[in-house]
Structures are given as structure tokens and as C-alpha cells.
1. Within the range 29-72, name every residue whose backbone N is under 14 Å away from a label modeled 7 Å from Cα of Glu11 along the Cβ vector.
2. For the range 104-252, divide the Cα radius of gyration by the Kirkwood radius and give the resulting Rg/Rh value with two decimals.
3. What's the exposure ranking of Ser251, Ser175, going from fewest to most Cβ atoms within 10 Å?
4. Counting other Cβ atoms within 10 Å, which trypsin sites (Lys or Arg not before Pro) in the range 28-100 have at most 16 and lie in a DSSP loop?
5. What ranking of Ile284, Ile268, Ile206 emerges when the number of other C-beta atoms within 10 Å of each C-beta is taken as an exposure proxy, fewest first?
6. Classify the range 16-112 as rounded, prolate or oblate, taking a ≥ b ≥ c as the square roots of the eigenvalues of its Cα gyration tensor: rounded when a/c is under 1.5, otherwise prolate if a/b is larger than b/c and oblate if not.
7. Gln18 to Glu132: FRET efficiency via 1/(1 + (r/R0)^6), r the Cβ-Cβ distance, R0 45 Å, to the nearest 0.05?
8. Which whole-number percent of Cα pairs in the range 153-335 have a distance greater than 30 Å?
Amino acid sequence: MLADQPDILFEFCSDADQALKTAAAFQPSVILQDLVMPGIDGLDMVRRFRSVAASASVPVIVLSAREEAVVKAQLFEAGANDYLVKLPDKIELIARIRVHSEAYRRLLERNAAFEALEQSLADLKREREKSERLLLNILPEQIAARLKNSESTIAESFSSVTVLFADLCGFTEFSQHVDAQQLVALLDEIFSAFDRLAHVHGVEKIKTIGDAYMAVAGLPVHRPDHAQAVATMAIGMQEAFRGVMRSRGLSLEVRIGIHSGPVVAGVIGRHKFTYDLWGDTVNIASRMESHGEPSRIHISDSTRTLLDGEFQFADRGEVNIKGKGLMCTAFLLGRI
């Protein structure tokens, strides 16, 4: 009946199973089916089309020998889209096929656009989560949150924090005798162990500089036990470092320095953010490390005062600290 319509392609099926298989393979834009068919009721056939993913949304036009309002209502309830008494006028049939086919095409386009949008949103979410993870690897969580809230300048003064510096003794000479991959792998293992300790004790890692490691407690959120947190971490760092050396058969040593006092902290940079500290406290903590001894934790008198009664010390007496003159210092031995 529609053989003279070259832009309309048909596949004819003689039974229900063939129709379902053809719908999956042919991917029709419209399904024409009789109400009365061999082996299956037309109403059940509509239900079967709707139960299969390949034809669940394809428009179904049912052809019947006579107009039956009750049957028509049942067909529409089952999912049929149209009902025609056969033989319908060819012009009307073609028009209805085109209308349903165009509507189905638009539905597919909307679904494809929606799926593409969902995929884009999912990709955007993953990229945002990735960016946030990278940001949290660089900045403390509270500082990252403030930057995300478009706070342009972040700078604060803290009246009492504890700063730690650690340096690998003899590492420069050691690095001249190993290849790049071994060198980086060793530093990664050591500093990753230090990072885990910082996380456990609530200490903020500030940065690494070559083979040196810097951390602080008491900011960006104040805590009264900042000295205790850093001291406990420093003792753990010694143990972790010795473990790495034993496992690798190496004899390097780590030197740690700690000082407590006021600092200024803030974010600098626009494309590569850095959260850093400034002030005399930072300089003295660095001097505690450089004027210390291998495999020992060198602390200032101000840090010792904060730790007194909880930790053991070995007095070092007065030490001539570069840029500061004589200072009373001690070595931290462990908890009481």
C-alpha cells in the first residue's frame, strides 16, 4: 500500500517473536500492527513491545477492522499511540506515520541531548572533585574553602604556634651516587611517611624544600596543644625514618628542629597557590634544625616550656644561634 513512498522503509513480520527481534535489529521509528494476529492478541503484542527496551518508546499504531471504543481505550492504556480502522486512507496513514516518526525522532534527540548533558555534568563533577583534591594537597582544608568562596587575600596572625623543620643529613652527597628514580622514590617514601604522621596528629605540612620538610601546628585553626602535637609527630618521624633506612639498607640520619611562637600565615600566588609562614618563629625553628645534631630533636626553650611535665629532655645549655646569639636549648627525648 505504501510501496510508492521511497523515503519510508518497512520490515514485515509474520509472528510476535520475529517482530520483537526485528524491532531490536531494525530500530523502527514507527510500528504498525494488526489488532487480530495469529498466535497472539493485539493488546498483548502492544504490551510485549512496551516490555522490551528496543521498542519501549517506539510509537505503535494499531490497525483494526472496526471501531471499538473499549478496545481502543485498552490499547492506549497498554501503550499504543494511535488506532486506525483499516483499510485507512493512504494519505492519512502516511501523515500519521510521519507525525509519530517525527515525534519519536525528537524524543530520541532530546534523550541524546539529556544523556550528553548528564555525561557533561558527571565529567564536570569528576574534574571539580579532582581539582578540590589537588587543592587540598596544596592548602589546608579551611584555607581551600575560603579560596573557593572567592576570598581574594588570606593573611592572618597567630600568637602561638609550633613550627618544625626536618633535614636529611648527608643527603646531598648521597644523591650524587644514585640514579634519579631511586632518589625520588626514597624521598617519596620518607616524606609520605611524614605526611601520614602529620595527618594523624593534626599537623599541617607546609612544604618540602629539596630534602627538607616543614610543618606547623596551631593554624589555620587554633589549638592549645600545638607543641605537644608537633613533639609527638617529631618522635614518630624519627621512628618512621629509621624504619625506611632499615628496609633499604641505608645509613642516612634525620635532624629535626622545633620552635614555638607567633607567626603570620597566608596564601601567595595566583596560578600556583602557596600557603606559607613568616616571622622570627620560622627563622628560629629553622636554626634549631641547622644547629641541631643528626638523629636528634633540637627544641627551643619556649617549646620546652610548653612541653614541660609531659616529655623528657636533655639540656644542651646555651647555644650560639646564628642571627640570634646565645639561646638555651634542649634535645627532646620522648614522652614521660
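Computed from the coordinates by the stated procedures, all read-outs in this text should not be read as laboratory data. All of these numbers come straight from a predicted model, not from anything done at the bench. Because the Cβ atoms are built from the backbone with ideal geometry, glycine has one as well, and the counts that use them run over all protein chains shown.
1. Within reach of a label on Glu11, which here means backbone N under 14 Å from a point 7 Å along Cα→Cβ, the range 29-72 contributes 29-32, 53-56, 58.
2. Answer for the range 104-252: 1.18.
3. Ser251, Ser175
4. Counting only loop positions with at most 16 other Cβ atoms within 10 Å, the trypsin sites (Lys or Arg not before Pro) in the range 28-100 are Arg66, Lys86.
5. Ile268, Ile206, Ile284
6. Values: a/c = 1.66, a/b = 1.19, b/c = 1.40.
Because a/c hits 1.5 or more and a/b fails to exceed b/c, the range 16-112 counts as oblate.
7. Efficiency for this residue pair is about 0.25.
8. That tail contains 17 percent of the Cα-Cα pairs.
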